Each structure stands twice: as C-alpha cells, then as structure tokens.
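A quick write-up on the structure given underneath.
Just so it is clear, none of the values below were taken in a lab; they were calculated from the coordinates. Please read all numbers here as calculations on a predicted model, not as lab measurements. Backbone-built Cβ (ideal geometry, glycine too); neighbour counts: all protein chains shown.
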Amino acid sequence: MPDGDEASFLGEFSQRLHSGDLGVVCEALSDYQQAQANTRWGADNPYWPLNNEVLFVARDLLDRSSTLAEENRHRALSWSLTMVWHLGEDEDADRIAGILETTSDPGLREEGLMAASTALQDAEEPNPRLLAAVRAIALDESLDARDRCAAIHALGDLDMPEVEAVFVRLTESGDLKVQVSAAGQLSSPKKVRVHRELLQQLVDSWPEDAGPFSKDIRDALTGFHSTYWKDAHLDDPALRSAHDELRFPLTDETCLDAFTTLLRSDDPLAVGIALDHYENWEGLRHVLDDSDLADAYLPEVLERAREVLRRPIPPAEVSALNMIGARHVEPGDADLLVQILGRTDSDTVRHEAVWMAYGLFDETETETETVDARLVEAVSGVIFDPSSASRSTKETAIRILADGLGAGADDVLLRVIREGEPDVQVHAVSYLVKTGGLDRHRAVMEDLADSWEERPPARFWGQNPVDLVFGKPHSVHWQGHRLQDPDLHRAHRRLRLPTADESYHDAMRTMLESGDVAAVGIALDHWWDSEGALARGGEEARQPARALVLTLIQKILRQPPSPPELSREYGPRAAHLTALSALRIAAEDDLSVLADSLEGADSLRDQLLDTVRDVLWSVGHSHPRLVQALGDIVCDEAVPMSERSQALYLLEEFRCGNSLDVLLSATRCPELEIQAAAALALARDETFEEHRPMIQALAASWPTEDAPTEVIEVRELLEDSDEE
C-alpha cells in the first residue's frame, strides 16, 4: 500500500491497541492474529512494524489480568498468550509460568504451552520456573493427552539431559498418544543411538494404527541405509560398524570418521553407501548437528566418484553417477559417460548416466562451445536400444536431448517418430512441440498424430499429444471422434490451428453445411466454446457463421438424438447438448431465438428452460417474444407441472412490457398451483393495488387447509396491505 495509506492504517491499529477499552484492544489483537495466520499462505503481516507495541500491550494484559473481572480475564489472557506465542521472549517466561501453574482452563493451558515453547526456545538457559511448569503438565496423568502432548512439544527443542529423562519416563505412560509423542522426541539419529532398544520395544508393542507420528518413529529406527544398496550386506565388521555409526552417530566427529571410513575403503558397496549418504538429503547432512561440516568433503567425494567411474567399480557406479549428477558434471566427464553408456547393461546406471549428461548439454550449448557429438550419439543410442533401456530411461533421454539441445535434437527425435516404440513416439512428439519443432516439421508430426486416429498410445503429463500437434479443442461433445470424410477431416484440422483467417471460416462453413452429424456438432462446438473461435479471433470470428449456426440450432433441437457411437462421452445426447450450448451463446445477443427454440419443443423442453434461465441470468432482462413463449408453456395443461412452474418463475424474475398480461392470463388457469404462483407474482408487483380485487377473489376461492406455500404468501400480503 502507499506510504500514506500504510501510516494511516498502522496509526488506526495503534490507537485501538492503546485505547484502554478491553474489547477494542482484544479485537485489535484478533486482527493481528488473523493477519499472522495468513502468512502461512505467503502473505505478509501488515501489522509487523508494530510488533513491539503488540507485545507491550500483551504483556500489560498478562501483568494486570488478576485485576480484571472474570468474564474479561479469560479473553484478555487468551489473546495476550497468543501474542506472546508469536512474539515472546525469554523475559516472558515467569508470566507464562504463573498462568500454567494456576489455570484449570484447557484453552488457556494450550495457549500458555504454545507461548512457553517460544520463551523456552528464546532463552540461552531455560527459565527454571517455566521449565518446571511445563514438565509438571507433561507428567500429570490426570490431564488430557492433548495438553500433555503440547507440553512435550514445548520441551522438544531443549537438548538437556533432564528433559531427555522426562521423555524417557513418559514412554512408560499408559496413554498411547503420550507414549508416541514422547518417543518422537527421542527419534533423532543421535538419540536413537542411545535409546534404540527402548524405542524398538515401544514400536513392537504399538498397534499398526498408533497414530500418524508412529510411522516416523518406525522409520527413524531404520534410519537412512542408502539409496541403491538397501538389500546389500557389508561383510567387513569394521565397515558395518562405520555404517551404523553413520546412520546413528554419537557426535559429528564420529559421524564424519565413519563416513570417510566407508568412502576411502576398497569395498565397492561401502563406497556406494558413502556416496549415497553424501548425496541424499536424508543422509550425512541430516544426521550432522552442523550440516555445513559436510561441505569440506565435497572435493574428495567427487574425486572418489570419478575414480569409481574410471576404474571402473561396477557395483558403485550408480551411486557415483547419482552423486555427480547434472549439478557437478564437468566437460572432462564426457569420455566417462560415453564409456559407461557403451558398456553397461544396468538400466539404473544408464538412467543416471543420462541425467548426468544433461548437465553437459546444458553447459556446452553456447556460442563458443559445441556439444560432444559422441555423447549425443551415446545418449541417443539409449532411445533406440530395443533390448535394454526401459521406457522411463528412453523418455528421460528424449527429455534431456530436447531440453539441452533444443532444435539440435530434431534429427534424433524425428528418428524416434519413424522408428520408436509408440509410447516413446508420444514423448518425442511432445518435446518437439515444446522446442518449436511443430513449425519445422509439421507434416511429419501431423502424419504421426493422424495415424493415432484420436487414440494416442499415451499421454504427456496429462495432455493429449494429438491436441499438442493439431491444437485444441478437438471439440467438446465429440471428443475422440475422427471424421472419415477426407474433406471434413481436413476442415477439422484447419479449425484446430491457432489462427482465424478466411481459410478458418471456409473450414467452419464446410463442416456446418456438410450434413454430417458429427462434423456439424464439432463445428458448432468450435463456434460456441471459449477455446474455439473466440480464442482465435474474438467475437468477430463467430460472426460469419452466426446465421447458419442459428438455423442449425433450431433444426437439431427438433431432430431425434444423434447416433450414440459418434460420441464416447455423451452418446445419443451429443447433438442436442451441442445445440443447447451454442444456443446459450447465440441468445445473449438476441433473446428471440430462445422463443423460437421453445416453440414446438417437447422432449427437450426442460433442458431448454434451463438454457433460458442461464441466459436470462446472464443478460438480466427478457424479451416480449420470449415472455409470450414462456406464457404459452405456463398455460398449456399438457405440459408437465414442473416445467410450467419453471416457466412461471422465469416470467416473474425477468419482466418486460407484456409480462403483466401474460401473468394475468396465468391466473385464469384451472390449476391452483399456477393460479397462486401467478397471483403471488402480481401481488409483489408495483401494480398490486390495481389487481387487488381480482387477487382477493381468487384467494377467497382457494382452500384453507393443505394449501400450497404460494396461497399462504398471497393471503399474508393481502392481510398486510389491509392493515396499512
């Protein structure tokens, strides 16, 4: 907001904070809390410049809460504790402890524990009184598990022997939720090392549904083994011991010693495990208290990874490739990658080598450097190897070639289109579209998309690759249908292109005039859908075909349902739904076409009335011909009552010059429901007094028992006007 507006906004908030009126102050604190809650969605708290004032007011309320009347004290404490939770410091510890020691209110206890967690974290040395108060709540078996778990959470960031002892004691609690919460505080890698036996006994005793956090504890007992070697076994006892120390270290020093023991060993499995621990976020950095210590080992780790690839040490290759990856790869690694891709029969190794190559393609495609042709050939070979590479690896190779080389990958991707497996072809086509290849190789790509006949063998990130090539939409109600007539098929392809020139209008006319049910439906979908003509040329793109569209709408609505095999999703309803959708758009500029559609409509009348409703809601007014057409439905005894009632509702809601005459005609219908609804519409009109005698005469003839709601409302309006 502008500086002046911000100053005014904050000034008003500050005035409320210091108003002295408890209700006003609490409302201001409530506004702060709401703004703070919104920060979880990425918004800024606009009140943050006044954080110090907010904390000052909260402390003042805490200090004088004992002088407040009971009905005000709870509210003041609740909001002030919430503010201390957000903004508190170590100096608030005694205030919070005083409340936790005395309150029996669960809500205040919960808010006090949240505030306590802030104060305890802020302190260099935890306040003894607050620590004791929180500890007492955690150990109090008479309290609800929610309160005790909140106390455990408040103590969770304190690395103190006495606090750890509390957690151990609480694992003996008879309440499963308290057990799980306490065990969770003992599940860091270093604490697992000390309490593994206790934790294992606990999880073995728990049911499978011990709560969402119980899985975290089970996972913590397993620790991070490795990325690629979970089923492997280290034979050397010293290496097994180092692996265990790496997963559950006592100190950072012993952890790093264990890591280097594995990394520098001659055992390929141990080396692979060490590389996995360095690369994975759950590995080395996760277990170190000071994760930055790992950075110093990066040069040695990368050198060891390259040594694994050069020697080679096959069992550790995949870990070495994953460790170097696209992030740490260097131009000198190209030879290694070519060799690996040429010799390996492991799809996992092949996949990681392809990803590592990505970094080289990205780095070398500059004005002064060119991509290593041998590496391009090696990665391309992955795509065309029919016996070894998985579909996933082939698709990854396509991705890194297209992303890294752009148009430079065209030759490879075109070969995939000619020779590749169907699923892999989809990937090649999709990435050619992504890199602008559609403009360079449209004929080849369209021929392939055509051969799929609207049934591609796979999708690309949820997208239909046929739509990527030909454009969207295919249609709305005829999705997946392929027009067999060559001229209509060509016209359909033209409609899907992104522009709307004369050839677009020619194609639209060809399809609309074809007499082919599906072709006409597809063209109508393109006419009305926002992704069709409108997206290509705005409203002007609809105008050339408008008269023909209106004629076809009326014709289709009077025809029987369309052949069900023409539409996979909508079956026999496709043609009628298409016409109704087009009618909804066309009628907004000329409401009289709705009257044309209603005349003679029988089986589709209910759907047409829904369309009329939607259009009237959109434009906000009616039309004399439409009013008369609705009136004819209301007064037609052969029409179902539900449709007559809907037509009468539309007459009442959307008026024009002849609405009163039509409503008067409806009051002469023999059915009580129609009479009463029409009379009610007249009674609500500004001409009520003019029609009062007629309405009174009708009301006198209506029954007094089991009468419709409209009868009761009309009588109430008459009585109210008599009293006035």
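Which one of PRO486, ILE522, GLY538 has its Cα pushed farthest toward the positive end of the charge dipole of the range 462-543, where Lys and Arg give +1 and Asp and Glu give -1 at the Cβ?
PRO486
Where does the charge balance sit around GLY480 when Lys and Arg score +1, Asp and Glu -1, over other residues with C-beta under 12 Å from its C-beta? Display every interim value, and only then the final one.
Working: positive: ARG455, ARG482, ARG568; negative: GLU453, GLU454, ASP467, GLU565, GLU569.
Overall, the nearby charge balance is -2.
What distance in nm separates the simple spin-label points at SER390 and ASP244, each placed 7 Å from Cα in the Cβ direction?
3.3
Compute the relative contact order of the range 176-312 as a whole-number percentage, counting only Cα pairs closer than 8 Å that sit 6 or more residues apart in sequence. Intermediate values should be presented prior to the final figure.
Values: 130 pairs, mean separation 30.2, N = 137.
Here the relative contact order equals 22 percent.
FRET efficiency for ALA132 and LEU293, Cβ-Cβ distance as r, R0 = 41 Å, nearest 0.05? Working shown, then result.
On the way: r = 35 Å, r/R0 = 0.86.
Step by step, r from the Cβ atoms, then E = 0.70.
What list do you get for THR687, THR611 if you sort them by fewest beta carbons within 10 Å?
On the way: THR687 11, THR611 20.
By the 10 Å Cβ count, ascending: THR687, THR611.
How much space per residue, in cubic angstrom, does the convex hull of the C-alpha atoms of the range 3-222 take up?
For the range 3-222, the hull spanned by Cα atoms encloses 140 Å³ per residue.
So, with +1 on the Cβ of K and R and -1 on the Cβ of D and E, and no other charges, what is the size of the charge dipole of the chain about its Cα centre, to the nearest 20 debye?
The calculation lands at about 2320 debye.
Principal axis lengths of the range 604-724 from Cα atoms, whole Å, largest first?
For the range 604-724, the Cα extents along the three principal axes come out at 42, 28, 19 Å.
For the range 306-360, divide the Cα radius of gyration by the Kirkwood radius and give the resulting Rg/Rh value with two decimals.
Answer for the range 306-360: 0.90.
Take the alpha carbon atoms of the range 320-358, find their center, do the same for the range 583-600, and report the distance between the two centers in whole angstrom.
About 65 Å separates the Cα centre of the range 320-358 from the one of the range 583-600.
Please list the radius of gyration and Dmax for the range 31-78, considering alpha-carbon atoms only, with Å as the unit.
In order Rg, Dmax, the Cα atoms of the range 31-78 give 13.2, 39 Å.
Only four residue types carry charge here, +1 at the Cβ of Lys and Arg and -1 at the Cβ of Asp and Glu. Report the dipole size of the range 546-604 about the Cα centre in Debye, rounded to the nearest 20.
That gives a dipole near 200 debye.
Need the full-extension length gain, ASP60 to ALA638, defined as separation in residues times 0.36 nm minus the C-alpha distance. One decimal, nm. Don't skip to the end; give the middle numbers.
Working: separation 578, 0.36 × 578 = 208.08 nm, distance 7.68 nm.
That pair, ASP60 and ALA638, stretches by 200.4 nm at full extension.
Calculated from DSSP H runs of 4 or more alone, at -39500 (n - 2.57) each and per residue, what is the 222 nm mean residue ellipticity of the chain, nearest 500?
That comes out to -20500 deg cm²/dmol.
For the range 237-326, go through all pairs of different Cα atoms, get the mean of 1/r, take its inverse, and jot down that Kirkwood value in Å.
Result for the range 237-326 stands at 12.8 Å.
Quick one: if the Förster radius is 56 Å, what FRET efficiency do ALA145 and ARG455 give, using the C-beta to C-beta distance and rounding to 0.05?
0.50
Would you work out which of GLY272, THR251, LEU239 lies farthest towards the positive end of the dipole of the range 237-326? Charges go on Cβ: Lys and Arg +1, Asp and Glu -1.
Checking the options against the dipole of the range 237-326, the answer is GLY272.
Sort SER291, SER226, SER142 by Cβ crowding within 10 Å, fewest neighbours at the top.
SER142, SER291, SER226
Compute from the Cα atoms of the chain the Rg and the Dmax, the latter being the longest Cα-Cα distance, and quote both in angstrom.
37.9, 107
Treating only the Cβ of Lys, Arg, Asp and Glu as charged (+1, +1, -1, -1), what charge dipole size does the range 237-326 show about its Cα centre? Round to the nearest 20 debye.
460
Of SER392, SER117, ALA676, which is farthest along the charge dipole of the chain in the positive direction, counting Lys and Arg as +1 and Asp and Glu as -1 at C-beta?
Final value for the positive-end residue is SER392.
Largest first and in whole Å, give the semi-axes of the range 473-586's equivalent ellipsoid, each being the square root of 5 times a Cα gyration tensor eigenvalue. Let's see the in-between values first.
Values: eigenvalues 78, 49, 30 Å².
The equivalent ellipsoid of the range 473-586 has semi-axes of 20, 16, 12 Å.
Note the angle between two axes, namely the Cα long axis of helix 410-419 and the longest principal axis of the Cα atoms of the chain, as a number of degrees from 0 to 90, rounded to the nearest 10.
Approximately 70 degrees, to the nearest ten.
Using a 10 Å cut-off around each Cβ, can you sort HIS492, HIS481 from fewest to most neighbouring Cβ atoms?
Starting with the residue having the fewest Cβ neighbours, the order is HIS481, HIS492.
Hey, can you rank 577-584, 484-491 by average C-beta count inside 10 Å, highest first?
Those peptides, ordered most packed to least, come out 577-584, 484-491.
Using a simple spin-label model with points 7 Å from Cα along the Cα→Cβ vector, what separation in nm is obtained for ASP610 and GLU70?
Result: 5.9 nm between the two label points.
Taking the Cα atoms only, what angle lies between the long axis of helix 298-310 and the longest principal axis of the chain, rounded to 10 degrees?
90
On a 20 Å Cα-Cα criterion, which of the cross-link pairs LYS230/LYS394; LYS472/LYS555; LYS177/LYS215 come out too long?
On the way: LYS230/LYS394 26 Å; LYS472/LYS555 27 Å; LYS177/LYS215 13 Å.
Beyond 20 Å between Cα atoms: LYS230/LYS394; LYS472/LYS555.
Along Cα→Cβ, 7 Å out, is where each label goes; now give me the distance between the ones at ASP345 and ASP175 in nm to one decimal.
Each label point is offset 7 Å from its Cα along the Cβ direction, giving 6.1 nm.
From Cα pairs below 8 angstrom and at least 6 apart in sequence, can you work out the relative contact order of the range 473-586, rounded to a whole percent? Don't jump to the answer; show the numbers that get you there.
Working: 161 pairs, mean separation 36.1, N = 114.
Dividing the mean separation by the residue count of the range 473-586 yields 32 percent.
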